[in-house]
Amino acid sequence: MDNNVTSIRVGYQCPSNIALVKYWGKKNTGVQLPANPSISWSLGDLHASTVIELVPRQLGKAFVFTLAGESKPSFEPKIESFLGKIAHDCPWLSDYTLLIDSQNNFPHGTGIASSAAGFGAMSLCLAHIEQLLLGDVSLNSIVNGMSFWQRSSYLSRIGSGSACRSMFAKPAIWGETLAVGGASDLFAVEMDSEIHPNLSHWNDVVLIVDDGEKSVSSTAGHALLESHPYAEARFGQAQKNLNQIVAAMKHGDVKSFIEIVESEALQLHSMMMTSIPYYVLMRPNTLAIIEEIWRFREQTGLPICFTLDAGANVHMLYDGKIEETAMNFVNNTLLPYCKNGQYLCSNTGKRPNQIV
Ligand code: PMV
C-alpha cells in the first residue's frame with residue numbers, strides 16, 4: 001500500500017437493473033449469498049453517479065456523505081453498515097476518510113432499485129481506489145483473484161445483493177448455476193455467449209402505480225423465505241427458469257422468454273402472498289396494466305411483456321424495434337393507470353461508466 005497518498009478522487013455512473021429471474025431468499029450461511037441464481041438486464045438510463053474522494057482519516061470519521069452536495073443523515077446508517085461489512089475485505093479503509101457524493105437521475109421512492117445503482121457506483125469507486133492504492137491502475141488486472149468488475153460486483157453484493165448484477169452490459173447472472181461459465185454466489189458474471197438479435201435490444205418502461213415507500217423492505221422480504229412452506233420448490237423453479245431463459249436468449253425464443261419473465265414476476269408476488277406475515281404488493285392498477293399488456297399482445301402478436309419488482313410498479317419490457325408502437329400504447333392506454341401520469345424509460349444493456 002502506498003502510504004504517501006494524500007488524496008484520490010474517482011467517480012462512476014452505475015445503472016440500476018431489473019431481474020428477469022428473481023433473487024428472493026438468502027442462503028443461511030455466509031454474507032448475503034443467494035438461495036437461487038438470478039439474471040437481470042441493466043437499466044442504462046436509470047443510474048446513480050457517485051464521486052468518492054479519499055483523504056487521510058479526518059476526525060476519526062470513516063466517511064462523510066452528501067446527496068447531490070447536500071447532507072443527508074438518513075442515508076448514513078446504510079453506508080456505515082456497508083463499510084463495516086467490507087472492512088475485513090478492504091483493510092485499507094481504516095486509514096482514510098471517504099468523502100462520498102452521490103445522486104440518482106430518477107426520483108427516490110419510485111420503486112426503482114436505487115440501492116442497486118447506489119451501492120454499485122460506490123463499489124466501483126472503491127474497487128478503483130483499491131487498485132490505485134495497491135499500485136496497479138489497470139482496470140483489467142486481478143485483485144484478490146478477481147477482475148476489476150468482479151471485485152466491484154463482489155463489494156456491491158455486500159451492500160445490496162441485486163447491486164452486484166449492475167456491472168455488465170450483457171445480461172448478468174448472480175448465483176451458482178451450470179447455465180453459464182464461472183457463475184458464483186460471490187459476484188455476478190455476464191452471459192458468456194452471444195444474445196440472439198430477437199432479445200438483444202429490448203427497452204423498459206417503468207409504469208409508476210405507487211410512488212410511496214416500500215411496504216416490505218428487501219431485508220424483511222428475504223427473511224420471509226427462511227420459514228416459507230414453498231421455499232424449496234421456489235428455489236428449484238428459479239434454477240430451472242434460469243437454465244431455460246439463458247437458452248431462450250441464445251436462440252431468440254421470444255415466446256419462452258416472455259413466459260419465463262412473466263411467470264417469475266408472479267412467483268415473486270405469490271411468495272409474498274403466501275408467507276407469514278403475508279403481503280399483497282400489487283395495487284388494482286398493477287393488475288389493470290398487466291391485463292392491458294396481455295390484451296395488446298394477444299391483439300398484435302408483438303414482442304412485449306411485463307415484470308414486477310417487490311412493489312406495485314410495472315416494468316413493461318419490449319423489443320426496441322417496436323419503440324414507436326410501444327410508446328403509443330403507453331401514452332394512449334396505460335397512462336391513466338399511472339400515478340400522476342408518471343413513467344420512466346430505459347434501454348437495457350449498458351455497463352457502468354467512469355465519470356471522474
Ligand atoms: O438486493 P435486494 O436485497 O434489495 O433484493 C432485491 C430483490 C428483488 O428486487 C425483489 C429481485 C431481484 O432479483 O432484483
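Evaluate the distance, in nm, between pseudo-label points positioned 7 Å from the Cα of Ser71 and of Ala288 along their respective Cα→Cβ axes.
4.4
Cα centroids of region 200-225 and region 144-199: how far apart, whole angstrom?
So the separation of the two Cα centres works out to 20 Å.
Treating the beta-carbon of each Lys and Arg as +1 and of each Asp and Glu as -1, no other charges, what is the dipole magnitude of region 197-347 about its Cα centre, to the nearest 20 debye? Intermediate values should be presented prior to the final figure.
Numbers: 10 positive and 17 negative charges, 30 e Å.
Dipole about the Cα centre, nearest 20: 140 debye.
Considering the dipole of region 197-347 built from charges on the beta carbon (Lys and Arg +1, Asp and Glu -1) around the Cα centre, which of Leu266, Val209, Ala220 is farthest to its positive end?
Farthest towards the positive end: Leu266.
Rounded to the nearest angstrom and ordered from largest down, what semi-axes does the equivalent ellipsoid of region 197-347 get from its C-alpha gyration tensor (root of 5λ)? Present the calculation step by step, with values, prior to reporting the outcome.
Details: eigenvalues 137, 90, 27 Å².
Each semi-axis is √(5λ); the values are 26, 21, 12 Å.
Which one of Ile79, Ile100, Leu126 has its Cα pushed farthest toward the positive end of the charge dipole of region 40-127, where Lys and Arg give +1 and Asp and Glu give -1 at the Cβ?
Ile79
Write down the percent of antiparallel bridges among all DSSP beta bridges whose residues are both part of the chain, to the nearest 5.
Of all bridge pairs located within the chain, approximately 90 percent are antiparallel.
How far is helix 76-86 tilted off the main Cα axis of the chain, in degrees rounded to 10, range 0 to 90?
70
If you roll a 1.4 Å probe over region 1-145 with all protein chains in place, what percent of the accessible area is carbon or sulfur?
51
In the P(r) worked out for region 102-207, what percent of Cα pairs fall beyond 17 Å? Let's see the in-between values first.
On the way: 3254 of 5565 pairs.
Cα-Cα pairs in region 102-207 separated by more than 17 Å: 58 percent.
At His251 and Ile276, where each label point lies 7 Å from the Cα along Cα→Cβ, what is the point-to-point distance in nanometres?
According to this spin-label approximation, the distance is 4.3 nm.
First check a/c for region 160-250, with a ≥ b ≥ c the square roots of the eigenvalues of its C-alpha gyration tensor; if it is under 1.5, answer rounded, and if not, answer prolate when a/b is larger than b/c or oblate otherwise. Numbers along the way, then the final one.
Working: a/c = 1.82, a/b = 1.26, b/c = 1.45.
Here region 160-250 falls in the oblate category.
I'd like to check one number: the per residue accessible area of the chain, probe 1.4 Å, reported in Å² as a whole number.
Heavy-atom SASA per residue in the chain reads 42 Å².
For a quick protection proxy, order the peptides 222-229, 238-245 by their average other-Cβ count within 10 Å, most packed first.
Final packing ranking: 238-245, 222-229.
Using a 1.4 Å probe on the protein heavy atoms, what percent of the accessible area of region 243-296 belongs to carbon and sulfur?
Using a 1.4 Å probe with all protein chains present, region 243-296 comes out at 59 percent carbon and sulfur.
Can you tell me the orientation of helix 148-159 relative to the chain, as the angle in degrees between its alpha-carbon axis and the longest Cα principal axis, to the nearest 10?
The helix 148-159 is inclined about 80 degrees to the chain.
Under 10 Å, Cα contacts only: if you run a Gaussian network model on the chain, which one of Ser71, Ser114, Ser275 comes out with the highest mean-square fluctuation?
Looking only at Ser71, Ser114, Ser275, the largest GNM fluctuation is found for Ser71.
Relative contact order for the chain using alpha-carbon pairs under 8 Å, separation at least 6, rounded to a whole percent?
24
Helix-only estimate, please: 222 nm mean residue ellipticity of the chain, summing -39500 (n - 2.57) across DSSP H runs of length 4 or more and dividing by its residues, to the nearest 500.
The per-residue figure over the chain is -10500 deg cm²/dmol.
Given the Cα-Cα distance of Ser263 and Glu80 and 0.36 nm per residue of separation, how much length would full extension add, in nm?
62.2 nm
Round to the nearest 10 and give me the degree value, 0 to 90, for the angle of helix 114-133's Cα axis relative to the longest principal axis of the chain.
30
Where nothing but the Cβ of Lys and Arg (+1) and of Asp and Glu (-1) is charged, how large is the charge dipole of the chain around its Cα centre, in debye to the nearest 20?
Dipole of the chain, to the nearest 20 debye: 280 debye.
If you roll a 1.4 Å probe over region 170-228 with all protein chains in place, what percent of the accessible area is carbon or sulfur?
Here carbon and sulfur together make up 51 percent of the probe-accessible area.
With an 8 Å cut-off on Cα pairs and a minimum separation of 6 or more residues, tell me the relative contact order of region 197-347 in percent.
Relative contact order for region 197-347 comes out at 43 percent.
Asn105 versus Arg297, label points 7 Å from Cα toward the beta carbon: distance in nm?
Placing both labels 7 Å beyond Cα along the Cβ direction yields 2.9 nm.
What shape does the chain have by the C-alpha gyration tensor, where a ≥ b ≥ c are the square roots of the eigenvalues, rounded means a/c under 1.5, and otherwise prolate means a/b greater than b/c and oblate the rest?
Here the chain falls in the prolate category.
Cα centroid distance between region 68-130 and region 250-275, in Å?
After rounding, the separation between the Cα centres reads 31 Å.
Within the P(r) computed for region 8-195, what percentage of the Cα pairs occupies the region above 23 Å?
Tail fraction, whole percent: 39.
Would you work out which of Gly341, Asn241, Gln299 lies farthest towards the positive end of the dipole of the chain, given +1 charges on the beta-carbon of Lys and Arg and -1 on that of Asp and Glu, about the Cα centre?
Asn241
The values are calculated or read from the model by the stated rules, or taken from the named source; none is laboratory data. Worth saying up front: this structure is predicted, and the values here are computed from it rather than measured. Every residue, glycine as well, gets a Cβ built from its backbone with ideal geometry; the counts of neighbours run over all protein chains shown. Please note that ligands, DNA and RNA were not included when accessible areas were found on the heavy atoms of the full protein model with its side chains. Shrake-Rupley method; radii C 1.70, N 1.55, O 1.52, S 1.80 Å.
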